[in-house]
Each structure stands twice: as C-alpha cells, then as structure tokens.
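The values are calculated or read from the model by the stated rules, or taken from the named source; none is laboratory data. Everything quoted here is computed from the prediction, not taken from an experiment. We place every Cβ from the backbone using ideal geometry, glycine too, and count neighbours over all the protein chains shown.
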C-alpha cells in the first residue's frame, strides 16, 4: 500500500512481502525520478537505483521523522484499514481481501471531508456502475 503525493492511495494484496515483489510493484506504480519514503524493512533495499531515490526512517531506533522524511501518512492508511477490518468486519478472508482493500482505498481517496456528501456518493455510484457481484460468485 502506498500513498501518492496529493493524497491518493493505491493498495493491493500481495502473496509475499519480499524484495522482488515490492520492487516490481513500486516500479509499476511510481514515476521515475520520484523519492520513496520507507522504513528500514529489508524488502525495500532493492529499490535504490537510477530511477528512484529512497529516504528511510529507522523505526527500530525509534526514529519516526527526520528532516521532513517520515512514513506517517502511510501509517495512517494502515491504521484505517486495520481498524475497519477488526472493528467492522472482524475477519477478512484471503479470497475477498482485494475487495476489502479496494473498499478502504475508496474510502480514503473519496472521503475528503471538504467534498460534499453528494459528490462522494456520486463517485461511489460511478465506481460501481456496470459492475455486478452475484451471491454465487461471492461464495463460489
């Protein structure tokens, strides 16, 4: 999960969190020349290179912000997702995890309180138009 500059969140479930998968996702989603802020997790080590810059905060050393570098925005995204999964749904199956992630990504991106409720509702209707999930597909 990541947050684009400007507040747009992109999220997707992954099979494993290793350097190859993380690097592939980052290079698919992040524009060359961008700076990526991460913690010290080893899965991010492969993203250094000529296309991306990387700034790191060391959470294990209790460093959370350094010279404007932090992961606070994405930590907030994780908090919203976790609160929703534990507090609303109580359980998320692997089969439907992508649906939960999509829902909370939509909430984060469309939930700007400065947008009128009807505008947010309209974007929800636009996002679901032409899409159908039958009970058979849901449980099958």
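Selection of segment 1-37 for residues being modelled with pLDDT of 85 or more, assigned to a strand (DSSP E or B) and surrounded by 14 or more Cβ atoms within 10 Å (Cβ to Cβ) yields 10, 36, 37. Among the residues in segment 94-116, are any more than 18 Å from the chain's Cα centre (by Cα) and either surrounded by 11 or more Cβ atoms within 10 Å (Cβ to Cβ) or part of a helix (DSSP H, G or I) (or both)? Yes, there is a match, as at least one residue in segment 94-116 is more than 18 Å from the chain's Cα centre (by Cα) and either surrounded by 11 or more Cβ atoms within 10 Å (Cβ to Cβ) or part of a helix (DSSP H, G or I) (or both). Only one of the listed residues (87, 110, 46) is touching a helix residue (DSSP H, G or I) at 6+ places or on another chain (Cβ under 6 Å) and either under 30 Å from residue 136 (Cβ atoms) or at pLDDT 90 or above (or both). That residue is 110.
Pull up segment 38-79, narrow it to residues that are in contact (Cβ under 8 Å) with a residue 40 or more places away in the chain and closer than 21 Å to residue 16 by Cβ, then point me to the one that is surrounded by the fewest Cβ atoms within 10 Å (Cβ to Cβ). If you could, list the steps in order and put the result at the bottom.
From segment 38-79, those in contact (Cβ under 8 Å) with a residue 40 or more places away in the chain are 73-74, 77-78; that's our starting set.
Still in the running and closer than 21 Å to residue 16 by Cβ: 74, 77-78.
Details: 74: 17, 77: 18, 78: 12.
By that ranking, first place goes to 78.
Among the conditions (1) in a helix (DSSP H, G or I); (2) surrounded by 10 or more Cβ atoms within 10 Å (Cβ to Cβ); (3) without any contact (Cβ under 8 Å) to a residue 60 or more places away in the chain, residue 87 misses just one, which is (2).
If we scan segment 46-60, do we find a residue that is assigned to a helix (DSSP H, G or I), within 17 Å of residue 10 (Cβ to Cβ) and under 18 Å from the mean Cα position of the chain (by Cα)? Lay out the reasoning, then the answer.
As a first pass, look at segment 46-60 and keep what is assigned to a helix (DSSP H, G or I): 46-47, 59-60.
Those left that are additionally within 17 Å of residue 10 (Cβ to Cβ): 47.
Filter again for under 18 Å from the mean Cα position of the chain (by Cα), leaving 47.
Among the residues of segment 46-60, at least one is assigned to a helix (DSSP H, G or I), within 17 Å of residue 10 (Cβ to Cβ) and under 18 Å from the mean Cα position of the chain (by Cα), which makes the answer yes.
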